[in-house]
Amino acid sequence: MVEILVLIKQVPDTNARIEIKDGKADLSMVKWITSPYDEYALEVALQHKEAVGGNVTALTLGPARCDKILKDAKALGVDNIARIDVPEGYLDSFSVQSMLAEACSSLGAEIIYCGKAAADTNAGSTGPGVAEKLGWPSVANITNIIFGDSSLELMQPSFEGQAKIGVNLPAVITCDKGMGEPRRANVKGIMMAKRANVDLIGVETVGGNTSVVGHASPPDKPPGKSFDGSEHVSTVVKLLRDEANVI
Amino acid sequence: MSEIIILAEVINNTLKESTAEIVTAALSLGENPILIVPGTSPDSAASMAATYEGVGSVIALQDDCFSTFDSAAWCEAIASVAPPGHLLTSSSSMGKELAARLAVSRNSTIIQDVIKIEGSNITHPIYSGKAHETVSLNGPSVMTIRSNVFKQSGNGGSASISNVNTSSNLRTSLKEMVAKASERLDVSEADIIISGGRGMGSPNNFDKLYSIADKLGAAVGASRAAVDTWEEIPHSMQVGQTGKTVNPSLYIAVGISGAIQHLAGMRTSKYIVAINKDGTAPIFRHADYGIIATWEEALPILEQELGTLLG
Ligand SMILES: Cc1cc2nc3c(=O)[nH]c(=O)nc-3n(C[C@H](O)[C@H](O)[C@H](O)COP(=O)(O)OP(=O)(O)OC[C@H]3O[C@@H](n4cnc5c(N)ncnc54)[C@H](O)[C@@H]3O)c2cc1C
Ligand SMILES: Nc1ncnc2c1ncn2[C@@H]1O[C@H](COP(=O)(O)O)[C@@H](O)[C@H]1O
């Protein structure tokens with residue numbers, strides 16, 4: 001039985017407007033969703049279990065509002081759902097990764113899947129960071145997997161084409177799109193998930209070494225020039241050469 | 001004493017130009033940064049890196065593990081030669097993965113996609129560029145530097161080079177390289193990108209984009225609607241929230257409406273050109289130069305004009 005762990009994060013809906021209030025992002029009005037790449041990670045974790053057997057746990061680190069995405073994962077068919085309870089607010093990569101890594105080892109994980117990047121941070125730091133903390137190999141941005149009992153064969157896009165990479169467990173894999181559309185929950189799954197319990201995982205709080213000074217909206221670009229009609233294509237080509245200097 | 005360390009971006013023993021931008025970023029944190037040049041035979045890349053102005057010294061780091069990318073092995077090799085202090089590298093996808101590991105191995109925090117450094121205040125985009133976050137550092141950190149943001153440093157320098165050999169164990173194995181179907185440039189590699197959306201009408205019409213791309217030395221990208229609608233347009237071409245984030249000098253969007261998830265992948269391009277028949281399409285609000293026209297009318301003229309200009 002492989003212990004399969006999948007890291008999922010709750011993030012603001014990618015359509016949400018990010019309002020800045022008193023120099024900080026105001027998220028009080030946003031709708032919260034499972035980070036899009038984490039849906040692929042969940043799909044891969046479930047496929048792993050279907051291919052070779054195992055037990056799938058979905059783990060998140062966040063405040064109580066994050067139970068929603070855990071229940072959504074439960075409805076898709078994961079076996080266990082767990083959360084490291086932290087208060088609302090900023091945590092830097094070092095504290096997030098240290099706490100996640102500790103929880104992953106206490107849960108006995110042998111393979112960890114996560115998203116290639118979260119939709120809020122866009123960082124792609126967590127998978128490799130957790131792997132380093134655990135002393136495990138990691139492979140990032142995977143688009144396809146062949147599951148073995150104690151090893152995996154992974155497809156990873158590279159600038160030269162596609163690399164086929166072999167890795168032995170334990171390992172951390174960050175998932176890109178590619179393994180098919182993530183499954184949707186059925187009614188039975190949704191009913192079961194309603195009654196599911198979230199295991200609260202206690203880990204030692206780890207402090208970081210950065211703090212947030214503030215958020216700002218990206219500076220507005222000066223308004224562009226708009227031209228009506230294809231006869232202006234030559235004007236734009238001239239501007240690209242003489243004003244923008246990019247061709 | 002805490003040092004400033006730069007990890008050069010090197011692919012197949014060739015130094016990438018983005019390294020010169022990282023040098024500039026590093027110099028805003030402190031003087032005489034140490035530049036590490038990894039490779040299976042790093043000497044010529046190291047000689048070139050030594051000419052970057054402001055660099056204090058260069059370490060040519062030879063290790064056979066650099067023949068294929070394995071973040072654990074690379075991290076081990078680099079960590080063994082990098083002294084304590086801030087470490088900066090490129091925000092390519094390899095750079096980001098490696099940097100995340102290095103940060104943990106140095107007990108520090110990683111800040112990805114840095115666009116501004118002011119004292120110990122570091123700014124980077126979050127929420128797909130919908131906001132900028134400034135954090136303050138209370139200790140050494142690891143940062144990746146967005147390309148096309150910092151100026152390249154000059155090349156009148158002559159730093160001393162030392163050679164270090166390590167032998168780190170690969171933890172993954174490269175079984176096979178499946179070559180790309182075409183020799184076309186990837187969007188994440190290109191300095192000019194021309195992308196097509198659902199408005200292109202059919203995948204065959206992307207040929208028009210390819211012939212313009214050939215004139216410009218550009219890569220061809222696509223919106224998710226194009227990728228999802230047409231099998232011929234692979235996901236590797238997708239730009240946006242669930243595709244690639246690109247930061248070219250010039251981005252030309254053709255028949256793309258400019259949905260927020262598409263903008264998430266390309267809004268930081270230096271110049272944006274939009275060609276769309278609908279003057280109210282949101283893409284025009286982000287374009288430096290907008291042309292309200294169908295692609296059927298506009299692209300032949302564009303190709304011809306570029307032909308005259310660029311030969
Ligand atoms: C979670 C999530 C993630 C997503 N990720 C991405 C992503 O990574 N990348 C992405 O692109 N989208 C993404 N999307 C989808 C996004 O919301 C839009 O649906 C998509 O970008 C629309 O693509 P489009 O502009 O090509 O198509 P449309 O919105 O259909 O626009 C087509 C445009 O073409 C114009 N047009 C039509 N005919 C012509 C003509 N003959 N000449 C010139 N112009 C013409 C029209 O005026 C229109 O503006 C995501 C959505 C979600 C929910
Ligand atoms: N707080 C968290 N809880 C659970 N998983 C997380 C958390 N933060 C990041 N992850 C996972 O790590 C991936 C990459 O996140 P990031 O490094 O922030 O881009 C996400 O897609 C998640 O799978």
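Assorted remarks:
- For segment A:214-239, the tally of residues that are in a helix (DSSP H, G or I) and either within 7 Å of chain B (Cβ to nearest Cβ) or of a type in the set (Ser, Thr, Tyr) (or both) stands at 8.
- All strands (runs of 3 or more DSSP E) inside segment B:157-201 with 2 or more residues being under 26 Å from the mean Cα position of the chain (by Cα) and more than 16 Å from ligand 1 (Cβ to nearest atom): B:172-179
- The residues on offer are B:Ala293, B:Ala264, B:Ala274, and the sole one that is within 16 Å of ligand 2 (Cβ to nearest atom), crowded, with 20+ Cβ neighbours inside 10 Å and of a type in the set (A, V, I, L, M, F, W, C) is B:Ala264.
- Count of segment A:123-145 residues which are within 16 Å of ligand 1 (Cβ to nearest atom) and in contact with a His (Cβ under 9 Å, 6 or more places away or on another chain): 1
- Residue in segment A:167-188 that is more than 16 Å from ligand 2 (Cβ to nearest atom) and part of a strand (DSSP E or B) present: yes
- Answer residue from segment A:158-171, given it is farther than 20 Å from A:Tyr40 by Cβ and at pLDDT below 95 and is surrounded by the most Cβ atoms within 10 Å (Cβ to Cβ) among those: A:Gly161
- Failed item in (1) farther than 26 Å from A:Pro218 by Cβ; (2) away from ligand 2 (no atom under 11 Å from the Cβ); (3) buried (at least 19 other Cβ atoms within 10 Å of the Cβ), with A:Pro87 passing the rest: (3)
- For segment A:95-109, the criterion of being without any contact (Cβ under 8 Å) to a residue 60 or more places away in the chain, under 16 Å from the mean Cα position of the chain (by Cα) and within 16 Å of ligand 1 (Cβ to nearest atom) is met by none of the residues.
- Residue selected from segment A:131-140 under the condition part of a strand (DSSP E or B) and either at pLDDT below 95 or of a type in the set (A, V, I, L, M, F, W, C) (or both), by the criterion nearest to ligand 2 (Cβ to nearest atom): A:Ala140
- Residue match in segment A:143-157 (condition: surrounded by fewer than 17 Cβ atoms within 10 Å (Cβ to Cβ), free of Cβ contacts under 8 Å to residues at least 40 places away in the same chain and in a loop (DSSP other than H, G, I, E, B)): yes
- Going through (1) closer than 19 Å to A:Asp67 by Cα; (2) surrounded by fewer than 23 Cβ atoms within 10 Å (Cβ to Cβ); (3) within 12 Å of chain B (Cβ to nearest Cβ) one by one, A:Ala119 falls short only on (2).
- Residue match in segment A:74-84 (condition: basic (Lys, Arg), more than 14 Å from chain B (Cβ to nearest Cβ) and more than 10 Å from ligand 2 (Cβ to nearest atom)): yes
- Among residues of segment B:116-156, those that are more than 19 Å from A:Ala25 (Cα to Cα) and in contact with a helix residue (DSSP H, G or I) (Cβ under 9 Å, 6 or more places away or on another chain), counted: 16
- Members of segment A:19-39 found to be under 19 Å from the mean Cα position of the chain (by Cα) and either within 11 Å of ligand 1 (Cβ to nearest atom) or more than 15 Å from A:Leu76 (Cα to Cα) (or both), listed by number: A:Leu27, A:Val30, A:Lys31, A:Trp32, A:Ile33, A:Thr34, A:Ser35, A:Pro36, A:Tyr37, A:Glu39
- Matching residues in segment B:287-298 - criterion: being touching a strand residue (DSSP E or B) at 6+ places or on another chain (Cβ under 8 Å) and within 7 Å of another protein chain (Cβ to nearest Cβ): B:Ala287, B:Asp288, B:Tyr289, B:Gly290, B:Ile291, B:Ile292, B:Ala293, B:Ala298
- Looking across A:Ser28, A:Ser98, one residue alone is of a type in the set (Gly, Ala, Ser) and surrounded by 20 or more Cβ atoms within 10 Å (Cβ to Cβ). It is A:Ser98.
The values are calculated or read from the model by the stated rules, or taken from the named source; none is laboratory data. Since this is a predicted model, take the numbers as computed values, not measurements. Positions of Cβ are backbone-derived with ideal geometry, glycine not excepted, and every protein chain shown enters the neighbour counts.
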